[in-house]
Amino acid sequence: MPDQFFFYGTLMPQFAPLPLRELLSAFQFVGEGWAPGTLYDLGTYPGAVFDAASESKVFGKVLLTTDHPSMLTALDRYEGYDPDSPSSSEYLGKRLSITLGTGEQIECWVYEYNGSLARASIIPTGRYRGA
């Protein structure tokens with residue numbers, strides 16, 4: 001069953017850690033995209049908080065996989081998301097409408113930051129450029 005993912009940080013192929021690069025190589029690039037929200041610099045990686053009313057945007061890449069269940073399990077583990085304990089998860093996996101560069105909107109899996117933003121700074125461009 002095919003499914004789309006929106007990656008805005010260290011899951012984008014050019015920033016992925018070595019252990020994830022093989023997994024991500026199985027994804028097919030769909031296009032550049034964005035969602036309303038704020039991108040934060042958390043030190044060695046970013047975190048996005050999505051908000052439909054936000055005037056700022058989080059930019060990233062939309063990728064497609066046909067091996068959804070096993071991919072999602074591996075990505076959940078990397079992002080520290082436990083579907084059985086969302087309140088203690090660093091990121092939350094959820095579905096969100098993403099706008100492609102063409103203006104088309106598609107539903108994608110995203111990881112939204114769920115931790116403290118007390119020491120985070122905003123990335124004003126909404127684009128992660130690496131740590």
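The H on the amide N of LYS57, modeled in the peptide plane, is under 5 Å from the matching H of GLY37, each at least 5 residues off or on a different chain. For the stretch 1-83, the Kirkwood estimate of hydrodynamic radius, built from reciprocal distances between every pair of different alpha carbons, is 13.5 Å.
Using C-alpha pairs below 8 Å separated by at least 6 residues, the relative contact order for the chain is 33 percent.
Mean residue ellipticity, 222 nm, helices only, the chain: the sum of -39500 (n - 2.57) across DSSP H runs of n ≥ 4, divided by residue count and rounded to 500, is -4000 deg cm²/dmol. In whole Å, what is the distance between the alpha-carbon centres of the stretch 1-34 and the stretch 75-113? The stretch 1-34 and the stretch 75-113 have Cα centres spaced 13 Å from each other. Between ALA118 and SER85, residue separation times 0.36 nm minus the direct Cα-Cα distance comes to 9.7 nm.
Every number in this text was worked out from the coordinates using simple rules, so none of it is lab data. Being a predicted model, the structure only gives us computed values, none of them experimental.
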